[in-house]
């Protein structure tokens, strides 16, 4: 995939996350686009429970029959979840580094899937979730692909922060959707539009990629401050 195609997909993900207020729909769409970017078969996203000691399945895409017909196989712990919750995964890990333990002892219905990349989703030092992308073959993602995955992680983390802000306003203050949208439109939308413009103008300039990641990180920090102010109100 050429550089312009990578950034076109990133633009599409950021654009959708900028408009989507349903966390499930946002995660599902982002996952589908990420599967396309890496040209792999399937994937899923875990989100952490409030206690940060366990995770739950929040989105999946194109699961093989061995998993779609047996959803219980996507419950419980595995190697990457254990490593993530133990603070041993903080950057996207290559496909060749982890063999999926959920498929290793299954003889049929796996579509030959075996290896996966793991992408942690971390907001302001807090574990939020992780994404797994599965492949039939062991392969090495290059630096550009890993950078793109880490950027997607930042974008998804920002979307999660935004939806939590929205839920916080609803649950605690019982304000109307109009008021919630007003806050989000004033804080979130203008900054995400700047990210979209940056992605749209980026070709293969690594400095611009780093600048985009920095902007997304800044959005997350501001949303965190809003959440903190709301909790203390």
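Annotations for the structure displayed:
- Restricting attention to region 132-149 and to residues that are modelled with pLDDT of 85 or more and touching a helix residue (DSSP H, G or I) at 6+ places or on another chain (Cβ under 7 Å), the residue that is surrounded by the most Cβ atoms within 10 Å (Cβ to Cβ) turns out to be 133.
- Every listed requirement among (1) in contact with a strand residue (DSSP E or B) (Cβ under 8 Å, 6 or more places away or on another chain); (2) free of Cβ contacts under 8 Å to residues at least 40 places away in the same chain; (3) not in a loop (DSSP other than H, G, I, E, B) is met by residue 73 save one, (1).
- Residue 85 in contact with a strand residue (DSSP E or B) (Cβ under 9 Å, 6 or more places away or on another chain), farther than 19 Å from residue 137 by Cβ and surrounded by 17 or more Cβ atoms within 10 Å (Cβ to Cβ): yes
- From the list 5, 51, the lone residue that is within 21 Å of residue 94 (Cβ to Cβ) and surrounded by fewer than 14 Cβ atoms within 10 Å (Cβ to Cβ) is 5.
- Any chance residue 121 is within 24 Å of residue 56 (Cβ to Cβ), crowded, with 19+ Cβ neighbours inside 10 Å and at pLDDT 85 or above: yes
- Test: residue in region 94-109 that is under 26 Å from residue 18 (Cβ atoms), out of contact with any strand residue (DSSP E or B) (no Cβ under 7 Å at 6 or more places or on another chain), outside any loop (DSSP other than H, G, I, E, B) and modelled with pLDDT under 85: no
- Filtered by the rule that a residue be within 19 Å of residue 134 (Cα to Cα), modelled with pLDDT under 75 and part of a helix (DSSP H, G or I), region 1-40 gives a lone residue, 6.
- Residue list for region 14-24, filter: surrounded by fewer than 16 Cβ atoms within 10 Å (Cβ to Cβ) and touching a strand residue (DSSP E or B) at 6+ places or on another chain (Cβ under 9 Å): 24
- Residues that are within 12 Å of residue 160 (Cβ to Cβ) and without any contact (Cβ under 8 Å) to a residue 60 or more places away in the chain, drawn from region 122-138: 122
- Any hit, region 42-64, residues being within 17 Å of residue 122 (Cβ to Cβ), in contact (Cβ under 8 Å) with a residue 40 or more places away in the chain and assigned to a helix (DSSP H, G or I): no
The values are calculated or read from the model by the stated rules, or taken from the named source; none is laboratory data. Keep in mind that this is a model prediction, so the values were computed, not measured. So basically every Cβ, Gly included, is an ideal-geometry build from the backbone, and we count neighbours across all protein chains shown.
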